[in-house]
Each structure stands twice: as structure tokens, then as C-alpha cells.
């Protein structure tokens, strides 16, 4: 195997991990600042200038908190569950392109870790793995609140994965490829959100449910389940679940930007490739703002209505959207 190619993979993997873990820390600050502004109150402003060191202070606090394992918890699965949640969140963005190929010193480099021809299937597969971590966390804690939270999470994530997967099909049909890079490149002149507005809305709603964010945060509803599957976790194990949630927020925002908002494409990218990552960052920041705005605005809905909405509204609408898209493509192509 080419040593330079392996070195590229290693460097790109390190960049992705650093960006996602650093991004997780500062997305929490971003959320707290935005929520404070929306709710007319003061956000973090003590640790560092304008509160910019607050995520680092939170990290130190969690590291030095006492950790414990419940006496009757499963000794193997209990500590493994947080890892099963974090790892899929870290590897999911491997097929997302950050920008067009760039030339340095006469050599051309791709700004993505891997461009596989089944990138969309990879995203759906890795996304579905994280449900195991949440479910096993609830079961292994040997706590009724945790068990109910894990069961809720399993039912919710599996149900909304169907609509989420169907929302991918519109961009796939329009690009004629399962490669995320091909889907992004097909939007160089016109974003898929213009051609697939219903698919984009379905994707965003299903993504919120997949990440267990408000108003779909039923697995950890504190009024009903204390903290759901998180009840028996503390210190860094607790932090890893929150790390997974915020990293998945970044990941689904990157996927949404790539599928519907043209990915890294924007004015001047064709001539200045380094603008690509900047445009992608701006689009991801806007989608994250949408996640935060919805949390600040909408109350948590009832669990039976959550499931009913997924199966009776979102899934049929996603199927109809795919049928119409495929029909239009056949008519235009014919």
C-alpha cells in the first residue's frame, strides 16, 4: 500500500476527530449563548473573555467528578455503552467532502477522508449503530427509569430512521449516485433544497428525532424518567453521551448541508478551492442554529403523538416524495 496515501488517511482522520471533539465543546457554548439571547438572560460570561473558556472549565469539572458503577449494573456492558454511542458519531463524517480537490506542490489532494461509491448507505448504516449504545445503557444500568428511557430511544430512533432513509433518496435519484461527493457536485449550480423542499424538511425533522433533541427528547424526559438512560451515569461516562449527542448534531448538519444545501459549493469555490470548507462551516452553523432555535421554541410533545407522527405522517410523506421525484425524473428523462 502507498505510504503517502496511508499518511493522508491518518492526517485526515486526526483532523476530523479534532474538529468534531473541539466542535462538540464549542457547540455547547454556542447553544448556551443563543438560548440566553432568545430567553433574554445572561449566558456563560465568567470563564475567559466573553465566556469562551467555559467548555474547557466544564471538561475539567467532569473529569474530576467522582465516577461510580451501580452495584447491580452489568460490569461489562455498562462502561461499554458510552463508547458504542460515541464511536459511530466520530466516524460518520468520513465520507463527507469538505471542499473540491486542491493542488499543493504539484500533487492533488481530496478534501475528504474517503469517497466511496456507496457513501449514502455508509451514512445510514453508521447512524443506526448508535441506537445500540443507548439501548444497552438503559438495560445495563439495572434501573427502571433507565430501562424505559432506553426502550423509548430504541423505538423512536428505529421509527424515524425509516423517514430519514427515504429523505436521502431524493438527492440520490437527482444525482444518479450513492456517492456523497457526486451528490454535492450535482448541486454546483442549483441546490437540492430547491428541487426537494419536502425531502429537506423531512430530513431535518427526522434528524432532530434521531439525535433525541427537543421537542423529541423523550428518552431523557426529566419530568417522567429522571434522566432516562443517563440516570445511572456520571463523570466522563455521562459526558460521553452528551459528546455523542452534540457530535451527531454536527454530523447530521454536515450531511444535511451536503444533501440539500450544495455542501462546500458557493461563489468562487471553483477558482479558490479553500473557500469550500468555509462555506460548509457556515451552512453547518446555520443548521445548528436551527436545532437550537427549535429547542428554545417548541415544548416536548407526548410520546404517543411522537410515534404517531413518525409512522402516520412523516413516513408516508417521505414515500410519496420519493414516488413523485422518481416519476418526474422518468418523465423528464423520457
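In table form, for the structure just shown:
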| read-out | value |
| --- | --- |
| Rounded to 10°, Cα long-axis angle of helix 315-333 versus longest principal axis of the chain | 10 degrees |
| Rounded, prolate or oblate (a/c below 1.5 giving rounded, otherwise prolate when a/b exceeds b/c) for region 211-334 by Cα gyration tensor | oblate |
| Rounded to 10°, Cα long-axis angle of helix 54-63 versus longest principal axis of the chain | 50 degrees |
| Tilt relative to the chain, helix 77-91 - C-alpha long axis, 0 to 90 degrees, to 10 | 20 degrees |
| Likely footprinting exposure, 305, 37, 152, fewest C-beta neighbours within 10 Å first | 305, 37, 152 |
| Region 8-157 - percent relative contact order, Cα under 8 Å, separation 6 or more | 21 percent |
| Difference of contour (0.36 nm per residue) and Cα-Cα distance, residue 300 to residue 324 | 5.4 nm |
| Where labels lie 7 Å past Cα in the beta-carbon direction, separation of residue 109 and residue 132 in nm | 3.4 nm |
| Peptide ranges 10-17, 309-316, 23-30 listed from the most packed, as the mean C-beta count within 10 angstrom indicates | 23-30, 309-316, 10-17 |
| Relative packing of peptides 155-164, 74-83, 117-126 - highest average C-beta neighbours within 10 Å first | 155-164, 117-126, 74-83 |
| Value of Rg/Rh across region 23-165 [Cα atoms, Kirkwood radius] | 1.06 |
| Between region 55-72 and region 125-202, the alpha-carbon center distance in angstrom | 30 Å |
| Gaussian network model of the chain, Cα within-10 Å springs - most flexible of 89, 270, 200 | 270 |
| Among 130, 177, 271, residue whose mean-square fluctuation peaks in a GNM of the chain (springs only between Cα atoms under 10 Å) | 271 |
| If the convex hull is drawn through the Cα atoms of region 70-333, its volume per residue in Å³ | 133 Å³ |
| Value of relative contact order over the chain, rounded to a whole percent, pairs C-alpha under 8 Å and six or more apart | 22 percent |
| Gained length - residue 282 relative to residue 19, 0.36 nm times residue gap less alpha-carbon distance | 93.2 nm |
| Gain on full stretching of the segment that runs from residue 313 to residue 116 - 0.36 nm per residue minus C-alpha separation | 67.6 nm |
| Computed helical MRE - 222 nm, the chain, DSSP H runs ≥ 4 contributing -39500 (n - 2.57), nearest 500 | -22000 deg cm²/dmol |
| Hypothetical label at residue 83: residues of region 1-28 whose amide nitrogen lies under 20 Å (7 Å Cα-Cβ projection) | 14, 17-18, 21 |
| Residue with peak Gaussian network fluctuation, the chain [Cα springs, cutoff 10 Å], from 48, 165, 176 | 48 |
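Taken together, the values in this text are just the output of simple stated rules run on the coordinates, not laboratory data. As the structure is a computational prediction, the values presented were derived from the model and not from experiment. Ideal geometry is used to build each Cβ from the backbone, glycine not excepted, and the neighbour counts take in all protein chains shown.
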